[in-house]
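A.B. asks: I am attaching a structure below and will ask some questions about it afterwards.
The values are calculated or read from the model by the stated rules, or taken from the named source; none is laboratory data. The model shown is predicted, which means the values in this text are computed figures rather than measured ones. In this analysis, Cβ positions are derived from the backbone assuming ideal geometry, glycine residues included, and neighbour counts consider all displayed protein chains.
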Amino acid sequence: LKSMVRTPRTLSPKTQHTLPRKVDVLEGENAAFCVEVEEEEMDIHWYKDGTELRETHQTILKSFGRTHILVFVNTTPQDSGLVMFYVGRSKTSSQLRVKAARHCPPSCPIGVQINTERANAALLSWFPAQDSRKNPPSGYIIERQEVVSQEWLQCLTTDSATSVEILGDSVPCEADYRFRICSVNKYGRSGNVEFPRAVHLVPVARIQAPLQDALVPEGQDACFTIELSASVIGTWFLNGNQLQDDERFSIRRSRTHQSLRIRGVRDTDNGAEITFIAYGIRDSAALYIQAPLVKFTPLSEMDRNKFVEVALQCELSDPLAQVSWYKDGVKLLPQSGLDFKSKGTERQMIVQTAEFDHSGVYSCKTRGDAVHFNVDPVHILKYILSCPIVLQCEVSDSTAQVQWYKDGDQLLVESGVDFNSDDCMRTLSIQSAHPSHAGVYSCTTKDDVIKFHVEIKVRFSAVPEAEKNKCIEAGGHFELHCKVSDPIAQVSWFHNNTQLQLETGLDIQSEGDARTLVVNPAEPSHSGLYRCESSDDSVQFTCHHQHFWLILKMRRPNALKKWNLLHCIMKFQNLLHMSAGQKMRRSCFLNLSLNLNFNLNWNLNSNLNLKFTQTHPEEL
């Protein structure tokens, strides 16, 4: 800006052309100031808010003869302030005001269209929004969606073009696709505009792994697989006849992997041609049938992975078949601590004292078949429910990275699970043990692995002494209560070391973490020691019948010296509630001692009969 305003009268005549009173610019624009003085080579200075300006990449100071220029580049609101120009004693000033620009995303494209005239392609076109000059977009984003999916994925971007062609080779799998577009700039993106219809696109696939001929025993399943470079829909044929997914033929497609399973092949299938056809793909293989072989019964996963204690067993289809055992490919021979057993169709190998050096891959082989066992060393650790679990190991290199796994799945940082590394020590900590934490944990480096077998113990809560010692009444009932740490834990009840079963008069209850034994009605035979037992813990109870004490007082203690032995055997069958003045009617025998006062453990049965035998009867 060059001002042609005359110098105010208060200024010296050294300034010919002065600055305007104010200058207004928008954010991002340049602000220029120009002053003309009387002579060249005069000492001039520029100031802003009292601070002298120096030339920078955003502040340009230039002089051309008597003309002096100041330019602020790419202004921001922070550049606002008072700009002053000094020459000698003369000065002129101007107020710079920078107005912030509106920051908003662009408007949506308009006039979207899709053209599918070309095979296996879609031509997308659109127009910029009507306000694009005022608020121009910096580009466009196009997204695609499979018709059967809810997820939109970005497929391409463009800066200024208003049409693009989507080829079948650009999509990951064969499907019907929708497309949508939005405008973007540095302040955001517009809303999405969907193109009017879907288009079927097929990627150009190539064979990565072709079909292979199969030799299958009669009665077994035959499997054929083909791996492609892209996911396409294909068709299977058997001797030229198209196959459908049914009870005999199982057809599966998983991304680029295609498979066919023929269940229970027959002798008539020998030499059959299996063909796979897809968009631009055709491949074939032959099926050959083999006479039945001696096969092992399929093993469960638990049998395949034995720990520490080695006892490997398999079953044959032929009880006369001979087998050989191998460890890591080396044939095993009978030796001390290693036994081979054969019974019917079962074959067994037992390592009597298993150690960690017994780990490895064991194989049992017969003619035409083999079965393998993975035997790994583990550390067996037991933890109490709700207590912390701490697994530690040491590595030879303090900088080594490790990964923790549980039952083959990698563990990640989550609430309650911590991973620590201190020098060569690696630690996995679980704050509170839960039944789901039981399993096989492993800590792996790139060269080694160590395993821990974690078991969660079931514990009983403390039982008050009053509950552990019961005084029972004949004809009444009693209950024994306890609580376990795991609500789903199984327990067993025992009476005098004999396990109890549900029967008349006995009720075994389980609700949440509570376990209860109810006896109704109670009998003298129910007294004794009771025990509630889990797999890891037990709690005991003592039950006894209520007894009464009979105190006999002798009027003449010296007469006892002449008495012979008197015996008392007491058998309680029913509880007697006695009060003053009641007659005592039941049976007992007394055993008198030389005490002046003696206690009698009293049990009543029928009529009371006291029988004494003495040499010289005297009055007591």
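A.B. asks: For residues that are in contact with a Pro (Cβ under 8 Å, 6 or more places away or on another chain) and of a type outside the set (A, V, I, L, M, F, W, C), scanning just segment 415-446, find the one that is surrounded by the most Cβ atoms within 10 Å (Cβ to Cβ).
C.D. replies: Filtering first and then ranking leaves 429.
Table: residues versus (1) within 29 Å of residue 102 (Cα to Cα); (2) touching a Leu at 6+ places or on another chain (Cβ under 7 Å); (3) free of Cβ contacts under 8 Å to residues at least 12 places away in the same chain.
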| residue | (1), (2), (3) |
| --- | --- |
| 29 | yes, no, no |
| 39 | no, no, no |
| 42 | no, no, no |
| 47 | no, yes, no |
| 59 | yes, yes, no |
| 62 | no, no, yes |
| 74 | yes, no, no |
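A.B. asks: Could you grab me the full set of residues in segment 240-272 that are under 24 Å from residue 203 (Cα atoms) and in contact (Cβ under 8 Å) with a residue 24 or more places away in the chain?
C.D. replies: Matches in segment 240-272: 255, 256, 257, 258, 259, 260.
A.B. asks: Right, something else. Take the residues of segment 476-527 that are under 26 Å from residue 387 (Cβ atoms) and small (Gly, Ala, Ser): which is farthest from the chain's Cα centre (by Cα)?
C.D. replies: This residue is 492.
A.B. asks: Here is a follow-up. Which of the residues belonging to segment 6-28 are loosely packed, with under 15 Cβ neighbours inside 10 Å and either modelled with pLDDT under 90 or of a type in the set (Lys, Arg) (or both)?
C.D. replies: 6, 8, 9, 10, 12, 13, 21, 22, 26, 28
A.B. asks: Condition test on residue 98, is it aliphatic (A, V, I, L, M), in contact (Cβ under 8 Å) with a residue 60 or more places away in the chain and under 30 Å from residue 190 (Cβ atoms)? Talk me through it step by step, then tell me what you get.
C.D. replies: Numbers: aliphatic (A, V, I, L, M): yes; in contact (Cβ under 8 Å) with a residue 60 or more places away in the chain: yes; under 30 Å from residue 190 (Cβ atoms): yes.
When the stated conditions are applied, residue 98 passes them.
A.B. asks: If you don't mind, there's one more thing I want to ask. Checking the condition more than 44 Å from the chain's Cα centre (by Cα), among the hydroxyl-bearing types (Ser, Thr, Tyr) and not assigned by TED's automatic domain parsing to the domain that holds residue 26, which residue from 160, 170, 94, 80 passes?
C.D. replies: On the way: 170 fails: more than 44 Å from the chain's Cα centre (by Cα); 94 fails: not assigned by TED's automatic domain parsing to the domain that holds residue 26; 80 fails: not assigned by TED's automatic domain parsing to the domain that holds residue 26.
Residue meeting the stated conditions: 160.
A.B. asks: Report yes if some residue within segment 220-234 is over 30 Å from residue 121 (Cα atoms) and in a loop (DSSP other than H, G, I, E, B); otherwise report no. Show your work before the answer.
C.D. replies: Within segment 220-234, the subset over 30 Å from residue 121 (Cα atoms) is 220-224.
Retained after the next criterion (residues that are in a loop (DSSP other than H, G, I, E, B)): 220-221.
Checked against the condition, which is being over 30 Å from residue 121 (Cα atoms) and in a loop (DSSP other than H, G, I, E, B), segment 220-234 yields at least one hit.
A.B. asks: Could you list, in sequence order, all residues of segment 181-205 that are among the small types (Gly, Ala, Ser) and either buried (at least 20 other Cβ atoms within 10 Å of the Cβ) or in contact (Cβ under 8 Å) with a residue 60 or more places away in the chain (or both)?
C.D. replies: Within segment 181-205, 183, 188, 190, 191, 205 meet the criteria.
A.B. asks: Of all residues in segment 422-453 being among the polar types (S, T, N, Q) and touching a residue at least 12 places away in the same chain (Cβ under 8 Å), which is nearest to residue 386 (Cα to Cα)?
C.D. replies: Only one residue fits best here, namely 432.
A.B. asks: In segment 389-413, which residue that is of a type in the set (D, E, K, R) and not in a strand (DSSP E or B) is farthest from residue 437 (Cα to Cα)? Even if it seems obvious, please write down each step before you answer.
C.D. replies: Just the residues of segment 389-413 that are of a type in the set (D, E, K, R), to begin with: 394, 397, 406-407, 409.
Those left that are additionally not in a strand (DSSP E or B): 397, 407.
Details: 397: 29, 407: 10 Å.
So the residue we want is 397.
A.B. asks: Can you name the number of the only condition in (1) of a type in the set (Val, Ile, Thr); (2) without any contact (Cβ under 8 Å) to a residue 24 or more places away in the chain; (3) in the same structural domain as residue 338 (by TED's automatic domain parsing) that residue 399 fails?
C.D. replies: Looking at each condition in turn, residue 399 falls short on (3).
A.B. asks: Kindly state which strands (runs of 3 or more DSSP E) lie completely within segment 89-198 and contain at least 1 residues that are at pLDDT 90 or above and farther than 30 Å from residue 27 by Cβ.
C.D. replies: Passing ranges, in order: 110-115, 121-127, 139-146, 153-158, 163-167, 175-185.
A.B. asks: How many of the residues in segment 450-469 are part of a strand (DSSP E or B), out of contact with any helix residue (DSSP H, G or I) (no Cβ under 7 Å at 6 or more places or on another chain) and within 25 Å of residue 432 (Cα to Cα)?
C.D. replies: Residues meeting the conditions: 7.
A.B. asks: Can we say residue 149 is surrounded by fewer than 19 Cβ atoms within 10 Å (Cβ to Cβ), out of contact with any Leu (no Cβ under 6 Å at 6 or more places or on another chain) and closer than 26 Å to residue 234 by Cα?
C.D. replies: Working: surrounded by fewer than 19 Cβ atoms within 10 Å (Cβ to Cβ): yes; out of contact with any Leu (no Cβ under 6 Å at 6 or more places or on another chain): yes; closer than 26 Å to residue 234 by Cα: yes.
Taking the combined requirement at face value, the residue satisfies it.
A.B. asks: Suppose we filter 39, 29 for residues that are under 60 Å from the mean Cα position of the chain (by Cα) and not in a strand (DSSP E or B); which single one remains?
C.D. replies: Just a single option satisfies the conditions, and that option is 29.
A.B. asks: Using the structure shown, decide if residue 474 is of a type in the set (A, V, I, L, M, F, W, C), in contact with a His (Cβ under 7 Å, 6 or more places away or on another chain) and in a loop (DSSP other than H, G, I, E, B).
C.D. replies: yes
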